[in-house]
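Structure first, then comments.
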């Protein structure tokens, strides 16, 4: 039996940016799913549906250490005001959602290839795969599709 979600119970939290976020937003709109796009004054938004402009105080509330993000992602990021605001909006996106699901991969032609996983699948992955994060005191592991070695059958 496959669990189905009601579209009325789903909200896409995004950043209104061009590329993957805009494509996922367009898909949400086509399927009648609510969309909330966190942005900030002066940001070049590709989506206008469900726009939520964050105030300066709200952006400050989402401050994230650039050093922490760099270590977590194993790469260096430039310390610019724009990048800092983008990180702050991502903080609001992540902290607004209650469940985060894998959606798919944006291909070069703009289409989305669905990941071959279902909600509730148990997966096998390498010992050093993924990135560990703590969300609301709960340990989570973020994996790229390439990190998944297989699905464990029940």
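For the reader, a short list of remarks on this structure follows.
- Pairwise label distance in nanometres, residue 6 with residue 71, each label 7 Å out on the Cα-Cβ vector: 4.4 nm
- Calculated Rg and Dmax of the chain using C-alpha coordinates, Å: 16.7, 50
- Theoretical FRET efficiency, 1/(1+(r/R0)^6), r = Cβ-Cβ of residue 53 and residue 153, R0 41 Å, to 0.05: 0.30
- Rounded to the nearest 500, the 222 nm mean residue ellipticity of the chain from helices alone is -8000 deg cm²/dmol, with -39,500 (n - 2.57) taken per DSSP H run of at least 4 residues.
- Modelled FRET efficiency - R0 25 Å, residue 80 with residue 30, Cβ distances, 0.05 increments: 0.15
- Beta bridges by DSSP in the chain, antiparallel share as percent, to the nearest 5: 60 percent
- Max mean-square fluctuation residue, GNM over the chain, Cα-Cα springs under 10 Å, options 77, 68, 128: 128
- Euclidean distance between Cα centres, the stretch 16-72 to the stretch 128-150, Å: 22 Å
- For the stretch 1-62, the alpha carbon convex hull comes to 107 Å³ per residue, rounded to a whole number.
- Residues 23, 76, sorted so that the one with the fewest Cβ neighbours within 10 Å comes first: 76, 23
Each reported figure results from applying straightforward, stated rules to the coordinates on display, with no laboratory input. Remember, predicted model here, so these are calculated numbers, not experimental data. Every residue, glycine as well, gets a Cβ built from its backbone with ideal geometry; the counts of neighbours run over all protein chains shown.
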